[in-house]
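Note sheet for the following structure.
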Amino acid sequence: MPLIGAHVDSSGGLHLSFERAKAMGAEAIQVHPTPPGFWGSPKLDDTRISTFKEAAAKHGKPPFYFHAVYLINLAGDDPTMRQRSESTLTGYLKAADELGVNGVIFHTGSHKGAGFDVRLPSILEHIRKVLERAAPKSARLLIENNAGLGGCVGARFEEIARMLDGLHDPRVGVCFDTCHAFASGYDERTPADVTKTVDELDRVVGLKHVDVIHCNDSVTGLASNRDRHANIGEGQIGEGGFRALLHEPRLARLPFILEVPGAGDGPDAAQVATLRRLASS
Ligand SMILES: [Zn+2]
Ligand SMILES: [Zn+2]
């Protein structure tokens, strides 16, 4: 059975997220260490680092990820915006590495109609600079697949593969979001659909590059290109799809992290319990 995790509130201090995760039964954790709608990266000092590391050790060092701010766009044609994105992502990766966090998940951004091929060299250059500037020893930089609205990069597996190929850097991996994949046209509703989608993910991207799964149902339909997360079983993918994903042996080593609305405040004990029930039935 894969580890069942959740996006957790980290307000008041990153170290507090461990207790909050435990309270909802989550075995893997994702946080927004800074408010996701604003520019900024985590500010650390020795006390914060040691407080976090002590809490991590006390809780058995669960897999732990940062989700970078939503403003990041490495794919646009505005150099100021790209530079700001590069610096923010650098700050994130550096902080993740200092805390011993597994990785930083980010959205590449939108080419806004210019086209993926046109923007790819610049995207790669910025990611190279992020890695060079942050020089992480263990934290990984994780590209998330996208729902595909408005020229957002990474909706098709081929685009993610071309970024990985272009970088050819073992410090870069992938976060696979089930809702975004479905919205991009990769079906996951039945066991056969899941097999086909995971086959394709493996063939095009390579499962060895995938570090973590964002486990979300989708409010909107297949290939809708909308990014609207639903609670597990309450969306278009449905319980059958998630049961198949959770039982897919090739995904068993990956943490499944919920980013669902819950009762309105995000992932909760009920949603974690739903995944655990589907994983064991
Ligand atoms: Zn996600
Ligand atoms: Zn999303």
For the structure I just gave you, tell me whether L164 is farther than 16 Å from R82 by Cβ, within 16 Å of ligand 1 (Cβ to nearest atom) and part of a helix (DSSP H, G or I). no
Of a type outside the set (S, T, N, Q), crowded, with 18+ Cβ neighbours inside 10 Å and without any contact (Cβ under 8 Å) to a residue 60 or more places away in the chain: does that describe G91? yes
So for the range 144-160 (the condition being in a helix (DSSP H, G or I) and among the basic types (K, R)), does at least one residue qualify? no
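Quick check on my filter: what residues within the range 172-196 are away from ligand 1 (no atom under 16 Å from the Cβ), over 15 Å from the mean Cα position of the chain (by Cα) and on the phi < 0 side of the Ramachandran plot? Explain how you work it out, then say what you get.
Filtering the range 172-196 for residues away from ligand 1 (no atom under 16 Å from the Cβ) gives 172, 185, 187, 189-196.
Cutting the leftovers down to over 15 Å from the mean Cα position of the chain (by Cα) gives us 185, 187, 189-196.
The answer is D187, R189, T190, P191, A192, D193, V194, T195, K196.
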Can you find a residue that is under 17 Å from the mean Cα position of the chain (by Cα), assigned to a loop (DSSP other than H, G, I, E, B), over 24 Å from L44 (Cβ atoms) and more than 16 Å from ligand 1 (Cβ to nearest atom) anywhere in the range 97-117? no
Within the range 131-145, can you find the residues that are touching a Lys or Arg at 6+ places or on another chain (Cβ under 9 Å) and either within 16 Å of ligand 2 (Cβ to nearest atom) or of a type in the set (A, V, I, L, M) (or both)? L131, A134, A135, A139, L141, N145
If we keep only residues of the range 226-238 that are away from ligand 2 (no atom under 14 Å from the Cβ) and within 14 Å of L258 (Cβ to Cβ), then the residue surrounded by the fewest Cβ atoms within 10 Å (Cβ to Cβ) is E234
So D211, is it more than 16 Å from ligand 2 (Cβ to nearest atom), in contact (Cβ under 8 Å) with a residue 24 or more places away in the chain and assigned to a helix (DSSP H, G or I): no
Has the range 178-200 got any residue that is crowded, with 18+ Cβ neighbours inside 10 Å, at pLDDT 95 or above, aliphatic (A, V, I, L, M) and within 16 Å of ligand 2 (Cβ to nearest atom)? yes
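Going by the conditions given, is L275 part of a loop (DSSP other than H, G, I, E, B) and of a type in the set (A, V, I, L, M)? So that I can check it myself, show each step before the final result.
Values: part of a loop (DSSP other than H, G, I, E, B): no; of a type in the set (A, V, I, L, M): yes.
Criteria not met by L275.
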Among the residues of the range 49-60, write down those that are farther than 20 Å from L89 by Cα and either surrounded by 13 or more Cβ atoms within 10 Å (Cβ to Cβ) or touching a Cys at 6+ places or on another chain (Cβ under 6 Å) (or both). T51, F52, K53, A55, A56, H59
Which pairs do you get when a residue that is farther than 15 Å from D165 by Cβ, found in the range 195-206, comes within reach of a residue that is surrounded by fewer than 21 Cβ atoms within 10 Å (Cβ to Cβ), reach meaning Cβ atoms under 6 angstrom, with the pair 6+ apart or on two chains? V198/E248; V198/R250
Only one of (1) within 21 Å of P62 (Cα to Cα); (2) more than 15 Å from ligand 2 (Cβ to nearest atom) fails for A223. Which number is that? (1)
Sort out which residues of the range 162-177 are crowded, with 17+ Cβ neighbours inside 10 Å and not aliphatic (A, V, I, L, M), and write them in order of number. R162, R171, G173, C175, F176, D177
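The values are calculated or read from the model by the stated rules, or taken from the named source; none is laboratory data. Since the model is a prediction, treat every value here as computed from it, not as a measurement. Every residue, glycine among them, receives a Cβ derived from its backbone with ideal geometry; neighbour counts consider all protein chains shown.
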